[in-house]
Every structure is written in C-alpha cells, then in structure tokens.
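The block underneath contains the structure these notes are about, expressed in structure tokens.
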Amino acid sequence: MTLMTSRQERRQGQSIVRGKFVPDSTHDQRLLDRPGGSDWLHMDPWRVLRIQAEFVEGFGQLAELPPAVTVFGSARTRPGDPGYEMGVQLGAALARAGYAVITGGGPGCMEAANKGAREAGGVSIGLGIELPFEQKLNDYVDVGIEFRYFFVRKTMFVKYADAFVVLPGGFGTLDELFEAVTLVQTGKITQFPIVLLGTAFWRPLIEWIKESLLSHGMISAQDPDLLHITDDPDEAVKLIVDSRRRADQAELEARVQAASADHNGT
Ligand SMILES: CC(C)=CCNc1ncnc2c1ncn2[C@@H]1O[C@H](COP(=O)(O)O)[C@@H](O)[C@H]1O
C-alpha cells in the first residue's frame, strides 16, 4: 500500500492539517491582516490564549538549554554554496565551544547551521514558523518547536541566546538582524554580540550605515560598533566567548563590590 504524500500539508504550531483542511490563510495573516467588519473583536480575545500557549510551550522547552547562540540567514542558500558551507562550519564551531545552536528550523543557512551543530555532537534547535506554503523543519533539528506567530518565535530567538550570528540573507534575515540591533541599542539586551559572517556580502551594508545613517545623524557615533564583521566562523565564536567572559567578570566584580560595601556598612 502506498502512502498519499502528495497532499498539501500545513503545520500550525502543534497541529498538522492536510488536504482540504489546509486553510487559505495562516494564523499570522488572520491576526495581522484585519478584514473589514467587527468579527475580529470577538476572535482576538481567544487568540490571546493561543498566543499565551505558544509562549508557555516555548519557555517550557527552551528554559533548560545550555548557553545558546541564534544563527540567522537565507532560507534559499543551497548546499554547496559558500554561504551554506560557512553555516555548517559555524554550527560546528559553536557546538565545539559548548553552545547550542538555535535557528529558524528552515532550509538554507538555517539547515546549514543545524547540520554543523548536529554533526559536531552539539545541541541543534529549530524554531519553525507556519507559512502559507508547504515546508517542514530541516532534518538536522534535534529539538524543534513550531510557532504560529512570528513575534512569539522572535522572543525565543533573543531570550534563549547569548549572541546572534547572521549569515547572508534577504528580508527575513535583515528583519531579525535589525530587531536585535535595536534591542541592544535601546539597552533592552546587554552584552549581546551580533556578528555578521561574510564580509563581501555585509560590508556594503556597514558602509551604508556609516555613510547614510551616521552622517544624517540617525544613529549615534558608537552604534556601528554594535555590529562585528568577519569571514571566519572561528573568529565569530571567539568574539562571543570573549564577550561572555567579560560579562561574567564584570558581574563577579560587581558582586564582590556589593558584598564588600555590605561588609563595611556603606
Ligand atoms: C524556501 C523558503 C523561502 C522557505 C521559507 N522557510 C522558512 N522557514 C523558517 N524560517 C524562515 C523561512 N523563511 C524565512 N525565515 C526566517 O527569516 C530568515 C530568512 O529569511 P530570508 O530568506 O533571509 O528572507 C530566517 O533566519 C528565518 O528565521
């Protein structure tokens, strides 16, 4: 007996629907693409519960991870492309340094980083997203969570990572990169290195940031320094390890100072 594999499939958080049960929109579309009328008024309070459930599931699965780094990058990069190979090396280097690797769980650079981590014996995590076309978590994900809502998933990328490494990518990658930079710039997250991997791809963006954003006064003089850039996956990992070490040292010194102030009654 042959299995019917040609049916359309949609993964929606914890559920999978196939064939005629695949709706013509996603949860994100139904939340954000508000149609006319007032139906949404009655639906949105229920959505809040579903959104809460995604936070609970994500927090529950990820809270006990070892220190982790989130890797972003194009969904379209193919095995054999330099970007893909760099992703594999990066995933492996992170695993060797003891980091779990978190990605969006999709194809391309996400798959590459998961592959590198898994093959090096590390922890490989994929946070998938419901999209309007068929797709599944890549084969190199060991721990996978499916999200319905982009914004819930994005919280997980930041909350459970010590750093971001960004491989070449398109709109999705830029969205994730600039969200992270904004969180660091506004002090929402501290001691959080962001490393751009691939100098030929990223250098023009850095130049534009300096020539346009900085020279028009849209960012502060020190802001371009929030982004590190390299071609070497090992150097990317070293940047992250060094930053962690400095943060731990600063925390230790602050604790010692607080304890001695306590002791001296000051
Ligand atoms: C072949 C194809 C387009 C599959 C899309 N499948 C995806 N699966 C999971 N995350 C994704 C996907 N597309 C975009 N993203 C998110 O956006 C980033 C990549 O978007 P882009 O390809 O650079 O713009 C990833 O880091 C990921 O978090």
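So if each residue of separation counts as 0.36 nm, and I subtract the Cα-Cα distance between Glu179 and Gln191, what length gain in nm does that give?
2.8 nm
Going by average Cβ density within 10 Å per residue, which order do the peptides 247-257, 110-120 take, highest to lowest?
My ranking of the peptides, most packed first, is 110-120, 247-257.
Obtain the nm distance between the two label points defined at Asp232 and Lys136 by a simple spin-label model: each point lies 7 Å from its Cα along the Cα-to-C-beta direction.
Reported label-point gap for Asp232 and Lys136 is 4.0 nm.
Report, for the chain, the % of DSSP beta bridges that are antiparallel, rounded to 5.
Given both bridge residues lie in the chain, the antiparallel proportion sits at roughly 15 percent.
Given the C-alpha centroids of the range 230-257 and the range 134-164, what is the distance between them in whole angstrom?
24 Å
Name the shape class, rounded, prolate or oblate, that the alpha-carbon gyration tensor gives for the range 129-266, where a ≥ b ≥ c are the square roots of its eigenvalues, rounded holds for a/c under 1.5, and otherwise prolate holds if a/b is larger than b/c and oblate otherwise.
Oblate, because a/c is 1.5 or more while a/b does not exceed b/c.
When only C-alpha pairs under 8 Å and at least 6 residues apart count, what is the relative contact order of the chain, in percent?
With pairs under 8 Å counted, the relative contact order is 17 percent.
Counting other C-beta atoms within 10 Å, and keeping those with at most 16, which DSSP coil chymotrypsin sites (Phe, Trp or Tyr not before Pro) do you find in the range 77-151?
Passing both the DSSP loop test and the Cβ count: Phe133.
I'd like the FRET efficiency for Asp248 and Leu65, computed as 1/(1 + (r/R0)^6) with the beta carbon distance as r and R0 of 22 Å, rounded to 0.05.
0.80
For Ala68, which sequence-distant residues (separation of 5 or more, or a different chain) have an amide H within less than 5 Å of its own amide H, given hydrogens modelled in the peptide plane?
Excluding prolines and chain starts, which carry no amide H, the hits are Ala100, Asp162.
Count the lysine pairs in the chain whose Cα atoms lie under 29 Å apart, taking only pairs 8 or more positions apart in sequence or on different chains.
16
What's log10 of I(q)/I(0) for the chain at q = 0.09, 0.11, 0.15, 0.16 Å⁻¹, Debye sum over Cα points only, no solvent?
The Cα Debye sum returns log10 ratios of -0.48, -0.69, -1.14, -1.23.
Tell me whether the range 214-255 comes out rounded, prolate or oblate; compute the Cα gyration tensor, take square roots of the eigenvalues as a ≥ b ≥ c, and use a/c under 1.5 as the rounded threshold.
Details: a/c = 6.60, a/b = 1.35, b/c = 4.89.
Cα axes put the range 214-255 in the oblate bin.
Arg47 versus Ile206, label points 7 Å from Cα toward the beta carbon: distance in nm?
4.0 nm
Before rounding to the nearest 500, sum -39500 (n - 2.57) across all DSSP H runs of length at least 4 in the chain and divide by the residue total; then give [θ] at 222 nm in deg cm²/dmol.
It comes out at -15000 deg cm²/dmol, rounded to the nearest 500.
Select from Ile219, Ile102, Ile189 the residue whose mean-square fluctuation is largest in a Gaussian network model of the chain (Cα-Cα springs shorter than 10 Å).
Greatest mean-square fluctuation among the candidates belongs to Ile219.
Values quoted throughout were computed directly from the atomic coordinates according to the rules given, and no laboratory measurement underlies them. Just so it is clear, the structure is predicted and the values come from calculations on it, not from any experiment. Using ideal geometry, Cβ is built from the backbone for each residue, glycine included, and neighbour counts are taken over all protein chains shown.
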